[in-house]
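Data first, discussion second: the structure below is written as structure tokens.
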Amino acid sequence: MLLDRSGVIDDVWTVIGEDDALPDGPAILPAARLAELAGVAHPVGVHIDNAADPRSLQPVLDRLGLISVAFPSFADGRGFSIARLLRELGFMGRLRATGPVIADQFAYLLECGFDEVSLPETVAARQPADQWLAQLDRLSAGYQRGALPGATDRGAGRQSILDQRRAASS
């Protein structure tokens, strides 16, 4: 299941492996195949694992339409930091969390800069889309400011909990 803040969405991207031929449409390449970006006319994305250094993508960020970040487990939070750093580096394309994250993390994923979440069928069966969407209104304050300046749907301009505490003590 692929979902964003509006609910379940169609996936127009084809995930390809190390040896697969490039399709004619939007494709998500393994990070090892990034050198193939130069000759591709259609939108290209890349899938990175949660131990990757997002700064290594900086030279090609403007040519990527999507970056998929692996979450091997809901308990592994490195992907949150990767998303935040990719947005700080200026990535404006789609950012996808991929793996067994849980609905309780949905608002945090969006706040860190993710646009969408690709879930394994086992998670989607256990936590349908309505449970994910219900999480969007559960947070009234956060520890981080929004990831993208001017993007009101990611909490930009909202004071963090620390900002609120500082303002209250002044």
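Quick look at the numbers
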| item | result |
| --- | --- |
| Options 88, 116: the member that is among the charged types (D, E, K, R) and touching a Leu at 6+ places or on another chain (Cβ under 7 Å) | 116 |
| So residue 158, is it open to solvent by 60 Å² or more (accessible area, probe 1.4 Å) and modelled with pLDDT under 80 | yes |
| Flag for residue 83 being touching a Cys at 6+ places or on another chain (Cβ under 9 Å) and closer than 30 Å to residue 138 by Cα | yes |
| Residue check for residue 133: farther than 30 Å from residue 62 by Cα, at pLDDT below 90 and surrounded by 13 or more Cβ atoms within 10 Å (Cβ to Cβ) | no |
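The values are calculated or read from the model by the stated rules, or taken from the named source; none is laboratory data. Just so you know, these numbers come straight off a predicted model, no measurement behind them. With ideal geometry, Cβ positions are generated from the backbone for all residues, glycine too; neighbour counts draw on all protein chains shown. Keep in mind that these areas ignore ligands, DNA and RNA; they rest on the heavy atoms of the full protein, side chains included. Shrake-Rupley method; radii C 1.70, N 1.55, O 1.52, S 1.80 Å.
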